[in-house]
Amino acid sequence: MKNTEHYVGERAALARKWISNKVENLLDAGCDDGNNAYLLSDKSGHTWGIDINPKAIKRAQENYPSLSFSCGRIENTPFNDKFFDVIVMNDVLEHIENETTAINEMERILKPGGQLIISTPHKGLFAFLDPANIKYFFGNHESEKHFHRHYSLKDFKIILNNSNFKNNYVINKIFRSGLILGVLIMDIKAILRRVMGRKLSEIIMSPFSRIASFEYWIPFGKFAYNISISVIKK
């Protein structure tokens, strides 16, 4: 469910920074192959991950046997009500067909006083460069799920107010970051992969990816390509 490559680690690092104290149970919702769940695991007594991709979950279980992973949709999880202290959704919401259903499920399994951290692409100056959407607009309409939605803070508030969080949450942290380097490198990588394959393209672009990772931490406000928020459930 991930779409930002080198930004994924930075978003997990931001989430880790925003979790002020060690908690009992933490969920990486849309965990992919478990790398970010592992990065977050020192912030919780027990770290969980869920993802719709069975191959990714298999890799996660093999690589991180001390963590708990399950395959399924985050719109309908197997977890008990009010179970998690922290839920992290990095690069997930933009892929989900029904945002309200997913957020309602997160509200159900989050404890009162718990923290929900959401990161997505932002409606910034260079949002039109999103490589997935370039493919979509040029005729690759296999499914709506290939289209990556971009969000603003206003969009997040609308989604939360239309969900079971309504009148029962506070947004306590907001970070709009990165401008163009990250998405530009993704576009270049997509082209290079077609010409020379994934491995060689990664080697060639690695130095530039490190620069883009640095740019991620620069707040660009309304022009930014990324947005993250922290939501506290009352």
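The values are calculated or read from the model by the stated rules, or taken from the named source; none is laboratory data. From a predicted model like this one, the values you see are computed outputs, not experimental measurements. Backbone-built Cβ (ideal geometry, glycine too); neighbour counts: all protein chains shown.
Worth a mention:
- Of all residues in the stretch 63-89, those being hydroxyl-bearing (Ser, Thr, Tyr), more than 21 Å from Thr100 (Cβ to Cβ) and in a loop (DSSP other than H, G, I, E, B) number 2.
- Screening the candidates Asp91, Asp81 for the property of being buried (at least 22 other Cβ atoms within 10 Å of the Cβ), farther than 17 Å from Ser41 by Cβ, in contact (Cβ under 8 Å) with a residue 12 or more places away in the chain and not aliphatic (A, V, I, L, M) yields one hit, Asp91.
- Residue in the stretch 180-234 that is surrounded by the fewest Cβ atoms within 10 Å (Cβ to Cβ), counting only those that are of a type in the set (Phe, Trp, Tyr) and not in a loop (DSSP other than H, G, I, E, B): Phe214
- The set of residues from the stretch 32-49 being within 16 Å of Val92 (Cα to Cα) and either hydroxyl-bearing (Ser, Thr, Tyr) or without any contact (Cβ under 8 Å) to a residue 24 or more places away in the chain (or both) comprises just one member, Gly49.
- Residue match in the stretch 172-184 (condition: at pLDDT 95 or above, touching a strand residue (DSSP E or B) at 6+ places or on another chain (Cβ under 8 Å) and of a type in the set (Val, Ile, Thr)): yes
- Filtering the stretch 107-130 to residues that are crowded, with 22+ Cβ neighbours inside 10 Å and closer than 17 Å to Asp155 by Cα leaves Leu116, Ile117, Ile118, Ser119, Thr120, Pro121, His122, Gly124.
- Residue check, Ile103 assigned to a helix (DSSP H, G or I), in contact (Cβ under 8 Å) with a residue 40 or more places away in the chain and among the hydrophobic types (A, V, I, L, M, F, W, C): yes
- Any chance Pro54 is over 28 Å from Lys189 (Cβ atoms) and either buried (at least 18 other Cβ atoms within 10 Å of the Cβ) or not aliphatic (A, V, I, L, M) (or both): no
- Cβ-Cβ distances below 7 Å connect the following pairs, each with a first residue in the stretch 56-73 that is within 15 Å of Asn36 (Cα to Cα), a second residue that is assigned to a helix (DSSP H, G or I) and polar (S, T, N, Q), and a separation of six or more residues or different chains: Leu67/Ser41; Phe69/Gln61.
- Top-ranked residue in the stretch 135-171 [being of a type in the set (Lys, Arg), more than 22 Å from Gln115 (Cα to Cα) and under 19 Å from the mean Cα position of the chain (by Cα); ranked as modelled with the highest pLDDT]: Arg149
- Annotation note: of Leu27, Leu40, the sole residue that is outside any helix (DSSP H, G or I), within 16 Å of the chain's Cα centre (by Cα), within 14 Å of Leu116 (Cβ to Cβ) and not polar (S, T, N, Q) is Leu27.
- Restricting attention to the stretch 4-31 and to residues that are surrounded by fewer than 19 Cβ atoms within 10 Å (Cβ to Cβ) and touching an Asp or Glu at 6+ places or on another chain (Cβ under 7 Å), the residue that is modelled with the lowest pLDDT turns out to be Val8.
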